[in-house]
């Protein structure tokens, strides 16, 4: 087998899965089912770890509250493909950036800023993004004034960061062993997969916010007796 390096293509991922399960060509397992397990893994990995990070822009429409589409790929399914929104930033067209505050939809019209115009708040609910106050024709004339930083659902191994792709291989191999009724080996692979997901979620994406007290140098002054 030729050497394969990251990032994997879908074809290279299939070769890696077959190497792990010991079947170089289609026999007990078809290429289609192994490919489908790799895709299933990409979905699972991206939703468990939030690793498929994405930055996109959104156009405002006068008097419109909620939106379902970004201005560009790769979010082919629009905002419905978003797992978590980290930040929304408003650009007034002159590099006057302002971070928007996240709210619950029930807070609309109970906020200090309510006059139609530039947005100050956003919410993410039901596969849609909402912005308040309602934009006017001035905001609607701007090109992509909303910048969204978020995590998406991946639908291919090529969507995953390099250091997550190997876990999709392990997941697919585990599913292959389950089909073969080799449950012990399957569970060993699946446990390896789950442990890796938990580690990467906590270590990379759930780190606590730095506290000021963490940055302070301890006072080790020795007081004379």
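Using Cβ contacts closer than 10 Å as the measure, can you line up 177, 98, 106 from fewest to most?
Working: 177 20, 98 13, 106 8.
In order of increasing Cβ crowding within 10 Å: 106, 98, 177.
Below 8 Å, C-alpha to C-alpha, sequence gap of six or more: please give me the relative contact order for the range 1-109 in percent. Please list the in-between numbers first.
Working: 51 pairs, mean separation 12.8, N = 109.
Once divided by the residue count of the range 1-109, the mean separation gives 12 percent.
Quick check on the exposure proxy: order 5, 46 from fewest to most C-beta atoms within 10 angstrom.
Numbers: 5 7, 46 23.
Ordered by Cβ neighbours within 10 Å, fewest first: 5, 46.
Along the three principal axes, how long is the range 53-152 when you take its alpha carbons, biggest first, rounded to the nearest angstrom?
Result for the range 53-152: principal-axis Cα extents of 33, 31, 20 Å.
Just need the relative contact order of the range 53-152 here, percent rounded to a whole number, with Cα pairs under 8 Å and 6+ apart. Intermediate values should be presented prior to the final figure.
Values: 220 pairs, mean separation 45.2, N = 100.
That works out to 45 percent.
Which order do 25, 87 fall in if you start with the one that has the fewest other Cβ atoms within 10 Å?
25, 87
Roughly what % of DSSP beta bridges within the range 53-152 run antiparallel, to the nearest 5? Please list the in-between numbers first.
On the way: 23 of 25 bridges.
Roughly 90 percent of the beta bridges in the range 53-152 run antiparallel, per DSSP.
Any read-out appearing in this document is the output of simple, stated calculations on the displayed coordinates, not a laboratory observation. Values in this document were obtained by computation on a predicted structure and should not be read as measured data. Heads up, the Cβs are rebuilt from the backbone with ideal geometry, glycines too, and the neighbour counts pull from every protein chain shown.
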